Every structure is written in structure tokens, then in C-alpha cells.
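Novice: One structure is given below, represented as C-alpha cells, and several questions about it will come after.
The values are calculated or read from the model by the stated rules, or taken from the named source; none is laboratory data. Computed from a prediction, not measured in an experiment: that's the story for all the values here. For neighbour counting, all protein chains shown are included, and Cβ atoms are generated from backbone atoms with ideal geometry for every residue, glycine included.
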Amino acid sequence: MRPTGRAVIASMRQWRVVPKAVLFDNRPPFKGRLLVACCQNVGIRLIHSAVYHPQTNGKLEHALRDDMQDCYRHYDAWMLEPLRQDLPAYGYYRNYVRGHQALGGKPSIPRLDEHDRVAPQELRDRLESFARCEVKRKVVSRYGYIQMWSRIAYVGSAWRQREMTFVETLEGLEAHAEGRCVAVVKDAWKYRKLQSWVVSLNCLDGCP
């Protein structure tokens with residue numbers, strides 16, 4: 001979900017536009033509260049292709065077919081570094097050179113130049129701030145524990161019997177207390193599979 005949110009933000013910065021809507025496949029990487037919050041806060045309509053609904057699935061499958069034919073099938077093996085190096089050139093070809101039937105054989109960039117939703121620089125500078133959603137509020141027990149995702153999480157005795165708010169952002173899971181962010185747990189979602197996990201806040205600067 002976070003890579004998808006970063007990709008949406010990168011696209012808005014590159015093209016300096018806030019789209020009216022985005023269409024995603026109906027799969028976990030393209031769903032989740034963080035992506036929903038990001039789109040809602042910026043004013044984008046988030047659309048997921050419906051299951052067993054070829055009218056929307058067909059658009060995505062057709063685009064993927066073109067990408068496979070024009071790009072991916074030219075590789076004997078899909079290796080990350082070669083793809084990372086070559087994809088910017090393919091993106092230029094896809095937008096500036098390759099014609100599209102729906103546009104009368106013209107490339108897509110002229111159509112993009114016609115848009116009237118140029119995003120102000122001030123908005124583009126703070127797009128990451130829109131990708132955030134509150135996950136949970138909890139009062140830390142007197143032993144320094146909270147319950148998160150049906151698991152026991154230790155946050156430190158320094159925060160016992162105080163309320164903490166957990167916010168999902170592009171950086172990870174932020175722990176907020178007393179009006180400020182006191183910790184960021186990166187890749188926090190992998191802890192769902194553990195019986196218990198630890199967020200050590202005792203040693204952070206400014207902790208009581």
C-alpha cells in the first residue's frame with residue numbers, strides 16, 4: 001500500500017496535476033486505509049475494478065498487454081536493476097511517442113497538456129502529509145504494554161497510563177503522545193505475525 005501511495009505522489013509531482021480519479025486493480029497492494037486517506041485528502045476519486053466486471057478489468061488488462069508486448073517480453077529474465085534503468089525510457093515512449101487508438105493515433109502527452117488541474121507548488125511540496133490515517137488510540141497499561149492487532153506490544157514504562165495515538169504514514173507506523181510524534185516503527189505490519197513486539201520509546205530524546 002505504501003509503495004502505491006508513493007507512486008501516486010511521484011506521478012502528481014512529475015506531471016504537476018491532481019487527477020480527478022485513479023483506477024486500480026482489486027488487489028491488496030492497491031487497497032488499504034492509507035491509500036484511501038491519501039486520495040480522499042487530495043480530492044481524488046479512488047476506483048477499484050469490480051470482480052467479474054470486464055468493462056473495468058479490460059482497461060487494465062489492455063494496458064498490461066501493451067506493456068508486456070512493448071517492454072517486458074524483450075527481456076530474457078526480469079531482473080530488478082535492468083528494469084529500473086530502462087523503465088524511464090519506456091515511460092517516455094509510452095507517453096510521448098506511442099500512439100493510442102482512443103486519441104486518434106496520437107500519443108497521450110497532448111491530452112495531458114490540455115488538463116486544467118495544475119497542482120500548485122505549495123500542494124506538491126506537502127503531498128506526503130495527506131497520506132496519513134489514524135489506526136488506533138490506546139492507553140498504555142501501568143506495565144508499559146498496549147494491545148495492537150490482537151498482540152501485546154511493549155512501548156516502555158515511561159509512557160504508562162498515558163494515551164497514545166498510532167498513525168499510519170508513508171514512513172511507517174507513528175506513535176503520538178502529548179501532541180507530538182515520539183517514534184516511527186518502519187515496516188510495522190510484519191509484527192502482526194509475532195506473538196508480541198516491542199516499540200522502545202524510553203530512550204528517545206524528550207521522553208519523560
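Novice: Taking the condition closer than 21 Å to Ala10 by Cβ and part of a helix (DSSP H, G or I), does Arg111 pass? Give the steps one after another, and end with the answer.
Specialist: On the way: closer than 21 Å to Ala10 by Cβ: yes; part of a helix (DSSP H, G or I): yes.
Answer is yes for this residue.
Novice: Continuing with the same structure: Can you name the number of the only condition in (1) at pLDDT below 85; (2) within 22 Å of Phe130 (Cα to Cα) that Ser49 fails?
Specialist: Evaluating Ser49 over (1) at pLDDT below 85; (2) within 22 Å of Phe130 (Cα to Cα) leaves (2) as the failure.
Novice: Only one of Arg137, Arg126 is within 30 Å of Pro19 (Cα to Cα), loosely packed, with under 13 Cβ neighbours inside 10 Å and under 26 Å from the mean Cα position of the chain (by Cα). Can you tell me which? I'd like the intermediate steps shown before the answer.
Specialist: Working: Arg137 fails: within 30 Å of Pro19 (Cα to Cα).
Within the list Arg137, Arg126, the selection yields Arg126.
Novice: A further question follows. Mind counting the residues in the stretch 81-108 that are surrounded by 12 or more Cβ atoms within 10 Å (Cβ to Cβ) and either of a type in the set (Lys, Arg) or assigned to a loop (DSSP other than H, G, I, E, B) (or both)?
Specialist: Adding up the residues that qualify gives 5.
Novice: Still on this model: Is at least one residue of the stretch 108-116 free of Cβ contacts under 8 Å to residues at least 24 places away in the same chain and closer than 23 Å to Ala37 by Cβ? Break it down stepwise before answering.
Specialist: Taking the stretch 108-116 and keeping what is free of Cβ contacts under 8 Å to residues at least 24 places away in the same chain, we get 108-111, 113-114, 116.
If we keep only those that are closer than 23 Å to Ala37 by Cβ as well, we get none.
Among the residues of the stretch 108-116, not one is free of Cβ contacts under 8 Å to residues at least 24 places away in the same chain and closer than 23 Å to Ala37 by Cβ, which makes the answer no.
Novice: While we're here: Please count how many residues of the stretch 118-161 are at pLDDT below 80, under 30 Å from Ile44 (Cα atoms) and not assigned by TED's automatic domain parsing to the domain that holds Met12.
Specialist: 1
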